[in-house]
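Here's the structure we're looking at; comments come further down.
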Amino acid sequence: LCKKLTELHGGEISIHSEGYGRGAEVKIKFPIATLDISANSNSSDRILSDESELEEKRLEGVKIMLLEDTREAARFVMRLLEREGAEVLWVNHAYDALKQLYQKFDIVLSDIGLPDMDGIEFIKEAKKNELNRETPFIALSAYGSEDEINLTRECGFIDHVVKPVSFEDLIKTIRKHV
């Protein structure tokens, strides 16, 4: 299962052991993903080996707050957004994110399942802030049922992106609201 999933994502997996009772070393390597956004591309998911092939930065100058409690997920999303030209501030706790709202953001991306305050409570508190009251908030959540999506929209999120995040869908969603 691990081998198949790794290969489906363009990665490699290897396992090595010195023998019985000596443990095992498992290595999984994934390519750093950048997307082919050229007009003549047949596939928006083609992985490029050289980021210099990117023709444009689709989020140039967009200031984004990313509220995500999982470090690995945040680092991945940050790298991809920054390669598109966005300025990203990562915050891993909702209370810290509320403190950062003294500055203006073009978009706020917020996880829903947070340890200190869920995303629904976060947006209710965040919308009390005059400076970012009109800022588009986009929910990032593994919860993708119609009821969950409706709930996030009713609470003030302008859109909802389901995890695992399709990078192309995330870019399109952000561009739709900036």
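Things to note:
- Overall form of segment 56-178 per C-alpha gyration tensor (a/c, 1.5; a/b vs b/c): rounded
- Extension gain (nm, one decimal) between Glu130 and Lys172, 0.36 nm per residue minus Cα-Cα: 12.4 nm
- Coil-residue chymotrypsin sites (Phe, Trp or Tyr not before Pro) of segment 91-134, DSSP, other Cβ within 10 Å capped at 10: Tyr102
- Long-range amide H partners of Lys63 with built H, under 5 Å: Glu87, Asp106, Ile107
- The residues neighbouring Ile138, those whose beta-carbon lies less than 13 Å from its own, together hold a net charge of 0 under the Lys/Arg +1, Asp/Glu -1 convention.
- Computed over the chain, relative contact order equals 15 percent, with contacts defined as Cα pairs under 8 Å that lie 6+ residues apart.
- Extending 7 Å from the Cα toward the beta-carbon at both Glu72 and Phe30 defines two label points whose distance is 0.8 nm.
- Shape call, segment 54-98: gyration tensor on alpha carbons, a/c limit 1.5: oblate
- Additional length obtainable on full extension of the chain from Lys3 to Asp147, 0.36 nm per residue less Cα span: 48.4 nm
- Placing dummy labels 7 Å off each Cα toward the beta-carbon, the span from Ile158 to Asp116 is 2.6 nm.
- Environment charge of Thr6, counting only residues whose C-beta is closer than 9 Å and scoring Lys/Arg +1, Asp/Glu -1: +1
- Three-way shape call for segment 69-141 based on the alpha-carbon gyration tensor, with the a/c threshold at 1.5: oblate
None of the figures in this text is laboratory data; all of them are computed from the coordinates on show. Keep in mind the model is a prediction, meaning the values are calculated, not measured. Please note: Cβ atoms are built from the backbone with ideal geometry, for glycine as well, and neighbour counts cover all protein chains shown.
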